[in-house]
Structures are given as structure tokens and as C-alpha cells.
Amino acid sequence: MRLFTAIDISEDARAALTEFVARLRPVAPFRWSPPGNLHITTKFIGEWPQANLQTLCQALRGAAKPGSLEISIRGLGWFPNPHNPRVLFAGIAAGPGLKTLHQATDAACAAIGIAPEAKPYSPHLTLARIAGAEGVAAARGRIAGAPPAEFGLFTARAFHLYESVPGGGGSQYSKLEEFPLL
């Protein structure tokens, strides 16, 4: 099983992001993330044996709980950089609780043998993956001419364990378990 933990975004934020992507899609032939797949990853787990799923869930239940999280989705950016982008993303602004959640899930997973994250935590929403230069200049122009990117503010009260199953039109995500933040 290919797994990760994540926070769901609000339906209002999902609708605002869907509308934004609809304006960019005609000018940028990127591989756009399906709106239903948008989430804030807190820990990428990777391959994990199904036989050990309850061990993982028990570890995640024991992770420190930061309390509910106020999360704002705003701003846009390019990974790894704007000159040679491979990903277009929406930014995440949250208090220190989001980083605390990431550290707690990382530690809980490390305690059962899952490698800790090697890179610093950088919460974001992947809107599109970019294979080449086609459409990048047009997307930049459309973004520059748009109002500031504000996609919503919401309160997260739980995070989830997801399974990612590759498919013909991209990966399909299924929620396996919910973990309250309080």
C-alpha cells in the first residue's frame, strides 16, 4: 500500500481552487490535479504492508495532537523555482500547529520504522505538474493579471491516513482512517 497522511481542505476552498484552475487550464497544458485530490500532506509514508496497517494507525493515534488548526490557502508558487518549474502550487499559511502535526506524525512513523522526512516541511497544495516549458509563460501571464490568490480560510479538526492507488488518469486517493486533532 502506498500511504500518506494529510489534512482535507474545505469545500469552499476546493471550489475557489477549481474556479482558478479552470481559468488557467486553457492556456497551460499541465497535468492538473483533480479537485478531489487536493489536500495538505503532513507525512509521506510510501509503501507499507497492509498486514501492518493497524500498527501504523495505532502509532498515528498516539501522535501529539496540536489542537484545531486555522489554515489559509493563499499565494501561488513554482517548485523547484520559477525559472524551471515542475510544479505549480498554492501556498498554505497556518500557525505553528501545522508544523507540530508534521513533526508528531513524522516521529510516530519513525518509531515503527518509517524513515523520517529528509527535507524541511513545506506545506502546499499541488495544483499541477509541469513536464516542459509549454504553457508556462502563458500561465505566468494569466496569474500576473489576476487578483491576489486568496482561496479560503478554514479550521482543520482532523487529519487522515490516505492510500494512493495509481490509475490511468492519475492517482486515486482513499481515506483509510481519521485522527482528531483535539
Residue pairs meeting the criteria (Cβ under 9 Å; at least 6 apart or on separate chains; first without any contact (Cβ under 8 Å) to a residue 24 or more places away in the chain and more than 21 Å from residue 168 (Cα to Cα), in region 13-39; second of a type in the set (Gly, Ala, Ser) and outside any helix (DSSP H, G or I)): 15/152
Scan of region 121-133 for residues that are exposed (fewer than 12 other Cβ atoms within 10 Å of the Cβ) and either of a type in the set (Val, Ile, Thr) or touching a residue at least 40 places away in the same chain (Cβ under 8 Å) (or both), ordered by number: 131
Condition met for residue 23 (among the basic types (Lys, Arg), assigned to a helix (DSSP H, G or I) and touching a Gly at 6+ places or on another chain (Cβ under 9 Å)): no
Check on residue 173, hydroxyl-bearing (Ser, Thr, Tyr), part of a strand (DSSP E or B) and either in contact (Cβ under 8 Å) with a residue 40 or more places away in the chain or surrounded by 11 or more Cβ atoms within 10 Å (Cβ to Cβ) (or both): yes
Subset of region 88-115 [buried (at least 17 other Cβ atoms within 10 Å of the Cβ) and within 27 Å of residue 15 (Cβ to Cβ)]: 88, 89, 90, 92, 94, 97, 98, 101, 102
The listed residue being under 13 Å from the mean Cα position of the chain (by Cα) and closer than 26 Å to residue 157 by Cα, out of 56, 38: 38
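Laboratory data are not the source of any read-out in this text; all were calculated from the coordinates shown. Please read these numbers as outputs of a predicted model, since none were measured by experiment. Cβ: placed from backbone, ideal geometry, glycine included. Neighbour counts: every protein chain shown.
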